[in-house]
1. Of all residues being out of contact with any strand residue (DSSP E or B) (no Cβ under 6 Å at 6 or more places or on another chain) and either β-branched (Val, Ile, Thr) or surrounded by fewer than 18 Cβ atoms within 10 Å (Cβ to Cβ) (or both) in region 131-151, which is modelled with the lowest pLDDT? Just the residue, please.
2. (1) modelled with pLDDT of 95 or more; (2) among the small types (Gly, Ala, Ser); (3) buried (at least 24 other Cβ atoms within 10 Å of the Cβ): which one isn't true of Ala26, the others all being true?
3. Cβ-Cβ under 7 Å, sequence separation 6+ or interchain: first residue in region 23-41 and among the hydrophobic types (A, V, I, L, M, F, W, C), partner buried (at least 23 other Cβ atoms within 10 Å of the Cβ) and part of a loop (DSSP other than H, G, I, E, B). Which pairs?
4. Find the residue count for region 67-110, including only residues that are open to solvent by 40 Å² or more (accessible area, probe 1.4 Å), modelled with pLDDT of 90 or more and under 17 Å from Leu129 (Cβ atoms).
5. How many residues, within region 43-66, are open to solvent by 40 Å² or more (accessible area, probe 1.4 Å) and among the aliphatic types (A, V, I, L, M)?
6. Looking at (1) modelled with pLDDT of 90 or more; (2) open to solvent by less than 50 Å² (accessible area, probe 1.4 Å); (3) in contact with a helix residue (DSSP H, G or I) (Cβ under 8 Å, 6 or more places away or on another chain), which one does Arg40 not meet, given that it meets all the others?
7. Here are Arg161, Arg182, Arg172, Arg123: which of them is open to solvent by 50 Å² or more (accessible area, probe 1.4 Å) and within 15 Å of the chain's Cα centre (by Cα)?
8. Say whether the condition of being of a type in the set (D, E, K, R) and surrounded by 14 or more Cβ atoms within 10 Å (Cβ to Cβ) is met by at least one residue in region 186-198.
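The values are calculated or read from the model by the stated rules, or taken from the named source; none is laboratory data. None of the values given here were measured: they were computed from a predicted structure. Heads up, the Cβs are rebuilt from the backbone with ideal geometry, glycines too, and the neighbour counts pull from every protein chain shown. With ligands, DNA and RNA removed, areas are computed over all heavy atoms of the protein, side chains included. Shrake-Rupley method; radii C 1.70, N 1.55, O 1.52, S 1.80 Å.
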Amino acid sequence: MGVYLPQDDTALLVDAMLVAPLPAGARVLDIGTGSGVLARAAADAGAAEVTAIDVSWRALVTAFVNTRLSGRRVRLRHGDIRKCLSDRHFDVVLANPPYVPCGHGEPGRHAPARAWDAGDDGRALLDPLCDRAPGLLSPKGMMLMVHSALCGPEKTLLRLREAGLKAAIVARGRCPFGPVMRSRASWLEHKGLIEPGQRDEELVVIRADRTR
């Protein structure tokens with residue numbers, strides 16, 4: 001259907017959010033909401049206001065249904081986080097962006113692969129998010145972002161720190177490849193992104209805090 005379904009990375013990010021935890025009266029932004037699971041989890045955890053953004057209208061419709069069925073009100077926005085919400089600040093930013101290496105540029109506007117493909121090194125969306133993070137966060141705000149260790153967590157940490165944020169890995173998990181990663185295993189081996197025969201990956205949640 002072209003909407004990213006909750007998987008291990010979503011669960012790891014939800015757990016990290018609950019451990020954080022949300023500050024009282026938090027204003028939360030869910031970037032790339034997909035089915036709305038993260039937005040709903042933030043509302044369930046006591047967020048005072050939840051905004052969810054996605055480039056897919058189909059995803060926003062799905063998120064609307066899922067959050068309303070749970071009795072939660074979420075503000076839904078259509079758009080690319082690289083280009084919008086420049087006038088808003090949030091206490092918590094949650095992000096599960098596309099991060100699967102694909103060997104080509106971003107997929108077409110209506111392609112389901114927009115939910116996971118992220119360029120040759122998987123960082124097509126990760127780097128812009130790191131750069132935008134300080135402008136999205138309120139004073140003492142935090143961002144929690146999940147991605148595969150194949151994409152270079154150390155690059156994410158460095159970029160966030162260069163942007164003036166305090167950053168650290170706060171959660172890790174390991175999971176078997178899903179269908180997309182399995183279909184690209186040979187190419188990933190050729191690129192040196194995985195070891196020969198490797199069919200699982202480590203996921204990391206990175207926390208970035210605005211301290212000034």
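1. Ranking the qualifying residues of region 131-151, first place goes to Lys140.
2. The failed condition is (3).
3. Ala26/Ala47; Val28/Ala47; Leu38/Asn96; Ala39/Thr33; Ala39/Val74
4. Restricting attention to region 67-110, the residues satisfying the condition of being open to solvent by 40 Å² or more (accessible area, probe 1.4 Å) are 68-69, 71-73, 75-78, 82-83, 86-89, 103-106, 108-110.
Filter once more, so that each one left must be modelled with pLDDT of 90 or more: 75-78, 88-89.
Add one more test, that the residue is under 17 Å from Leu129 (Cβ atoms), and what stays is 77, 88-89.
Residues meeting the conditions: 3.
5. Residues meeting the conditions: 5.
6. For Arg40, the failing item is (2).
7. Numbers: Arg161 fails: within 15 Å of the chain's Cα centre (by Cα); Arg182 fails: within 15 Å of the chain's Cα centre (by Cα); Arg123 fails: open to solvent by 50 Å² or more (accessible area, probe 1.4 Å).
Exactly one of Arg161, Arg182, Arg172, Arg123 is open to solvent by 50 Å² or more (accessible area, probe 1.4 Å) and within 15 Å of the chain's Cα centre (by Cα), namely Arg172.
8. Step one: filter region 186-198 for residues of a type in the set (D, E, K, R), giving 189, 191, 195.
With the extra rule that they be surrounded by 14 or more Cβ atoms within 10 Å (Cβ to Cβ), the set shrinks to 189, 191.
The answer is yes; a qualifying residue exists.
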